[in-house]
1. Among the residues of the stretch 136-147, is any modelled with pLDDT under 95, assigned to a strand (DSSP E or B), open to solvent by 20 Å² or more (accessible area, probe 1.4 Å) and β-branched (Val, Ile, Thr)?
2. Scan the stretch 174-192 for residues that are of a type in the set (Val, Ile, Thr) and either in contact with a Leu (Cβ under 8 Å, 6 or more places away or on another chain) or part of a helix (DSSP H, G or I) (or both) and jot them down.
3. I'd like the full set of residues that are touching a residue at least 12 places away in the same chain (Cβ under 8 Å) and either in contact with a Phe, Trp or Tyr (Cβ under 6 Å, 6 or more places away or on another chain) or open to solvent by 40 Å² or more (accessible area, probe 1.4 Å) (or both), limited to the stretch 121-134.
4. Tell me, which residue of the stretch 77-126 that is in contact with a Lys or Arg (Cβ under 7 Å, 6 or more places away or on another chain) and of a type outside the set (A, V, I, L, M) is modelled with the lowest pLDDT?
5. Test Thr187 against the stated conditions and say whether it is more than 17 Å from Trp93 (Cα to Cα) and open to solvent by less than 30 Å² (accessible area, probe 1.4 Å).
6. Applying the selection to the stretch 9-21, what residues are in a loop (DSSP other than H, G, I, E, B) and within 18 Å of Met32 (Cβ to Cβ)?
7. Of all residues in the stretch 97-120, how many are among the small types (Gly, Ala, Ser), open to solvent by 40 Å² or more (accessible area, probe 1.4 Å) and part of a strand (DSSP E or B)?
8. Which one of these is closer than 30 Å to Arg45 by Cβ and in a strand (DSSP E or B): Ala171, Ala94, Ala150?
Amino acid sequence: VHLKDASGSEREVPLALLTPADVATAAQAVVMDDEGWGMMRLGRRPLDHKGFAFKMDLGGLYSSTSSLSGSGFGTNIQFGYFPHRTFGLLGTWAFAGGSDANGDSFYRNNLALEAQVFPVSVWRLHLGGFGHGGTQYANDALSGTRQGAAFGGGLILELALTTRLALTARADYTSAHVAPGGGWAGTQMFTAGVAIY
């Protein structure tokens, strides 16, 4: 440490030997990073999934089943906890709406519990998968309002911006027991957004 007193004279004191008396007489202190071994600069910590998480993404919904042929917008809002840096559980609200091939409007509203796992990390990229199960509330011109079990999953990619913030992209397929006559109907949703850990 370079200590300069009020008169302008300067002296060097090793940081480990710095005393309160040295500090009391100093008007200015400077630490140089280009002397001797210098100061080691550490890189940014990698994305840390562990702990509470909030995620939100937006995108599009597509369906080409016999019970619904249409497209629209979709969003996922998630809150949960990662007990480990590669695995977490999140409560999910997925909402989608749009218009079918006849121009009639529809919506799909999912409430689910989702498990996410991130086994692959390269540089700032984290690739994982997810699976979810819950209930879907559906409404369309063909069958009106109904409710049924819904299960699905897909892939998720995260690009770390900081230790606690990432951009995300998701590809999701969900099958729900809401088709006319009590059958199963599938939808695909592709979204992008942010994740805060």
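1. Among the residues of the stretch 136-147, at least one is modelled with pLDDT under 95, assigned to a strand (DSSP E or B), open to solvent by 20 Å² or more (accessible area, probe 1.4 Å) and β-branched (Val, Ile, Thr), which makes the answer yes.
2. Of everything in the stretch 174-192, those that are of a type in the set (Val, Ile, Thr) and either in contact with a Leu (Cβ under 8 Å, 6 or more places away or on another chain) or part of a helix (DSSP H, G or I) (or both) turn out to be Thr187, Thr191.
3. Those that are touching a residue at least 12 places away in the same chain (Cβ under 8 Å) and either in contact with a Phe, Trp or Tyr (Cβ under 6 Å, 6 or more places away or on another chain) or open to solvent by 40 Å² or more (accessible area, probe 1.4 Å) (or both): Ser121, Arg124, Leu125, His126, Leu127, Gly128, Gly133.
4. Filtering first and then ranking leaves Arg85.
5. Against the criterion (more than 17 Å from Trp93 (Cα to Cα) and open to solvent by less than 30 Å² (accessible area, probe 1.4 Å)), Thr187 does not qualify.
6. Matches in the stretch 9-21: Ser9, Val13, Pro14, Leu18.
7. Qualifying residue count for the region: 2.
8. Residue meeting the stated conditions: Ala171.
The values are calculated or read from the model by the stated rules, or taken from the named source; none is laboratory data. Just so it is clear, the model here is predicted, and its values are computed rather than measured. Note: ideal-geometry Cβ built from the backbone for every residue, glycine included; neighbour counts use all protein chains shown. Accessible surface areas use protein heavy atoms only, side chains included; no ligands, DNA or RNA. Shrake-Rupley method; radii C 1.70, N 1.55, O 1.52, S 1.80 Å.
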